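The values are calculated or read from the model by the stated rules, or taken from the named source; none is laboratory data. These numbers come from a predicted model, not from an experiment. All Cβ positions, glycine included, derive from the backbone under ideal geometry; neighbour counts span all protein chains shown. To get the accessible areas, we keep the full protein, side chains included, count just its heavy atoms, and leave off ligands, DNA and RNA. Shrake-Rupley method; radii C 1.70, N 1.55, O 1.52, S 1.80 Å.
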Amino acid sequence: MFSKSPAGHVISLFIFLSSLVLIGCGGKPKDNYTAGADKIRKHITLTGKQISDHSVRLDWEFKRDFDSSSISIEMRTGDELYYKTIAESLNMSISTYTYDEIKPGEIYYFRIRESSRTDFGSMSDPWILQSLFSAPILKEPEVLTDHEVRLGWEVNNPMAISVEIERQDIGLFKRVATVNASESSWMDTTLASNRDYKYRVRCKGERYYSSYSDIVNVNTQLPPPSDLSIEIIDGDKVVLSWIDKSGWADTFYVYRRKINEDFRHIQTLPSNMNRFSDFGLEYNTSYLYKLKARSAGNFSGFSEPEDITIKIKKLEKPEAKLVGKNALELKWKKPESFVKGYRIIRKEKGIVEDKIIAQLPPDSISFVDTTIAAGTRYIYIVNPLYSGDLPDLSNRVEYYIPDISSEMVFIGSGSVNRRIDSLGSWYGDKYKKVEVNAFYISRHEITNREYQLFIDETGHKPPPSAMFENMDNYFYDYPDYPVVMVNWYDAVEYCNWLSKRMGLEPAYGKNYKFIQSANGYRLPRENQFIKIYQDMYGLNGVSEENGNFFGNRDGYPTTSPAGKLTGGGKAYPVWDIVGNVAEWLNDKVMGRGQEMLELRKIIGGDWSTSQDDFDIEFTLTLLPSNRFNHVGFRVILPGDYDK
């Protein structure tokens, strides 16, 4: 390996010493040596494993045959600069070595070296060991009684042989138990009640101890009941519930007070109860509750106080609708889960005495009154029943049952004379008889008062201002006048609402499609309107006193109260069949032109029509969305609507 000349010896010795310094310092040789050393390191692979708190086992493998006869093992710590030999002259046949002088928490560097007679020798890359002996993880302790606690932990180090438990009461920590490392819990049964303790644990290996776990605190005072909650279950009754956090309480004490009063003990309960019902309470009065527990003569502190005020929400306004000729249905929402039942009270307009008409069970949400009379206004009171001295939590709904026989006039079947021309079109100089089936028609045009009820019950939009001179707020301030500024769609919506209210099938469906087979309210047809007119006034027309036409001769410059001027003709008591306001019809007319608009007819003349120019057969066509202050409507029913 070295030159035999003196100069060669000096040079070789210098190179050898320089390489040792570089290796010991963790540096790398330069130039050709660096490349050679890297190549040589690939010939030895070193691995290792910590096998105890103080021992490590090293394993290595040779990648080629060497002509040397021994190897050495070198080691340094993370704080040291130079390697030191910990084993030398090991036979080349050995491939493992155990070193038992490591300490927990240190970093170690190990390497293998062999000396060859032909080169600088081979040396492994360092294998690094972080020597650990981790502390156990101490869990939250479980207090079992006022003198017992269970500790639990996790040991994450296979080098541990045992676990030492230390407790601090007053002064220093003292070891109270040592258990095998395979154990994960221990119970301390030597505690005093109402005391504070601290615990910590550590692992012990063959030679060393781990560091201590985090410290946990234990208090053996009986904890107070927790999660106190209060639920109203009646008008004078509440239920308290809570959780026993200790698990070892044998008695609970319940305390109550009113606002601005002192707490007083009201009940003692055994440990197997965590609910308590308190009754006889005053409505709309605030109460505070708190609890404490006892175990073997030791008392806990009090729970956090909870307050409650018995207030029960008022029943929402019931819904009312006719479901038959003599049947009205009430519906309501259940106000509270603990309602005991309902009392249904009915008042008749003008009668002082209230009448209890039904007592219903608590699960009821509707009632049908089959004892109603037409032409009567009723007030229904739905009274929910609770215990205690409660205020009136009922709600009421007022409902008018129209008398169809008095408000609708029957028109018998018959014929009507219609003028036609030579081509068969209307408005000619010849007459043609047209048959009309029997029907009912409202005595007068629908009034502002009647339309207001429709708005109140449905939320429909009120009509815009009529813009009449000296009649501001026409819709609201003139309830007995005919409603105006309503379009055909408004009139149809009114018909459907009235049908539902009277327990009939609506005559208009989706997209206002007319349903001929329905028995509900609808707008008149042209021939029906003309039949009434001809039956009442014949073919000669009306006189000045029969209707409200243009001019102030009748004392009304615009509309007049419904039925004010005409008491009906000879045949029927139907008012304002002519004049006052023109009225929407059910008849549809398809307009001409590219758009083919759907139009609707109006008939009857109005306050802006000259009597001299009036002709019952002369109808106008309008868009169904048009609104005018001279157009209103009335309704009809089929003659067999009640069949």
With a 31 Å threshold on alpha-carbon distance, the violating pairs from K510/K601; K237/K321; K461/K531 are K237/K321; K461/K531
Answer with one residue from L585, Q221, H444: the one whose Cα lies farthest towards the positive end of the charge dipole of the chain, charges on Cβ with Lys, Arg +1 and Asp, Glu -1.
-> Q221
Note the full-extension length gain between K331 and H460 as 0.36 nm times their separation in residues minus their Cα-Cα distance, in nm to one decimal.
-> 44.3 nm
Distance in nm between label sites at E282 and R343, each 7 Å beyond Cα in the beta-carbon direction?
-> 2.4 nm
Under a Cβ-Cβ cut-off of 10 Å, what is the net charge of the residues other than A296 that fall near it, where Lys and Arg count +1 and Asp and Glu count -1?
-> -1
Whole-Hz Karplus ³J(HN,Hα) for region 83-98, in order, using 6.51 cos²θ - 1.76 cosθ + 1.60 and θ = phi - 60°, x for Gly and Pro?
-> 6, 10, 7, 10, 7, 9, 6, 7, 5, 5, 7, 7, 10, 8, 7, 10
Return the distance in nm (one decimal) between the two label points of a simple spin-label model at F263 and L81, each offset 7 Å from Cα along Cα→Cβ.
-> 7.2 nm
With DSSP loop assignment and no more than 11 other C-beta atoms within 10 Å, the trypsin sites (Lys or Arg not before Pro) in region 331-400 are K333, K349
Using θ = phi - 60° and Karplus 6.51 cos²θ - 1.76 cosθ + 1.60, couplings along region 283-290 (whole Hz; Gly, Pro as x) | 5, 6, 10, 8, 10, 10, 10, 8
Return the carbon/sulfur percentage of the accessible area of the chain, one whole number, probe 1.4 Å, all protein chains in place.
-> 48 percent
Net charge of Cβ neighbours under 12 Å - reference D169; Lys, Arg +1; Asp, Glu -1 | +1
What is the helix-to-structure angle for 448-458, meaning the angle in degrees between its Cα long axis and the longest Cα principal axis of the chain, kept from 0 to 90 and rounded to the nearest 10?
-> 20 degrees
Region 65-214: relative contact order from alpha carbon pairs under 8 Å, six or more residues apart, as a whole percent, is 19 percent
Quick one: what are the phi-derived ³J(HN,Hα) couplings along region 376-383, Karplus 6.51/-1.76/1.60 with θ = phi - 60°, whole Hz, x for glycine and proline?
-> 10, 9, 10, 10, 9, 10, 9, 10
Report, to the nearest 10°, how far helix 31-41 tilts away from the longest principal axis of the Cα atoms in the chain, using its own Cα long axis and a range of 0 to 90°.
-> 80 degrees
Extreme residue, positive dipole direction of the chain, given options L315, P305, I112 (C-beta unit charges) | I112
Nearest-ten-degree value, helix 488-501 long axis tilted from longest Cα axis of the chain = 80 degrees
Can you tell me the relative contact order of region 288-406? Whole percent, Cα pairs under 8 Å, sequence separation 6 or more.
-> 24 percent
Tell me, what is the FRET efficiency for E304 and L172 to the nearest 0.05, using R0 = 25 angstrom and their Cβ-Cβ distance as r?
-> 0.10
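Treating only the Cβ of Lys, Arg, Asp and Glu as charged (+1, +1, -1, -1), what charge dipole size does the chain show about its Cα centre? Round to the nearest 20 debye.
1360 debye
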Just by accessible area at a 1.4 angstrom probe, what is the order of M590, M75, M471 from largest to smallest?
-> M590, M471, M75
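Explain nothing, just the number: relative contact order of the chain, from Cα pairs under 8 Å at least 6 residues apart, as a whole percent.
Numbers: 1444 pairs, mean separation 46.6, N = 643.
This gives 7 percent for the chain.
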With R627 itself left out, Lys, Arg at +1 and Asp, Glu at -1 over residues whose Cβ is under 13 Å from its Cβ give +1
Judged on accessible area alone, 1.4 Å probe, highest first, M92, M502, M273 line up as M273, M92, M502
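What are the trypsin sites (Lys or Arg not before Pro) within region 236-320 that DSSP puts in a loop, where the Cβ has at most 15 other Cβ atoms within 10 Å?
Details: sites: K237, K245, R256, R257, K258, R264, R275, K290, K292, R294, K311, K313, K314; in loops: K245, K311, K313, K314.
Answer in residue order: K311, K313, K314.
By accessible area of protein heavy atoms, probe 1.4 Å, what ranking do L172, L328 get, highest first? The partial results should precede the final answer.
Values: L172 140, L328 0 Å².
Largest to smallest exposure gives the sequence L172, L328.
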To the nearest Å², the heavy-atom accessible area per residue of region 143-199 with 1.4 Å probe amounts to 53 Å²
Here the residues of region 324-350 lying in the modelled label zone of R275, meaning backbone nitrogen under 15 Å from a point 7 Å along Cα-to-Cβ, are 338
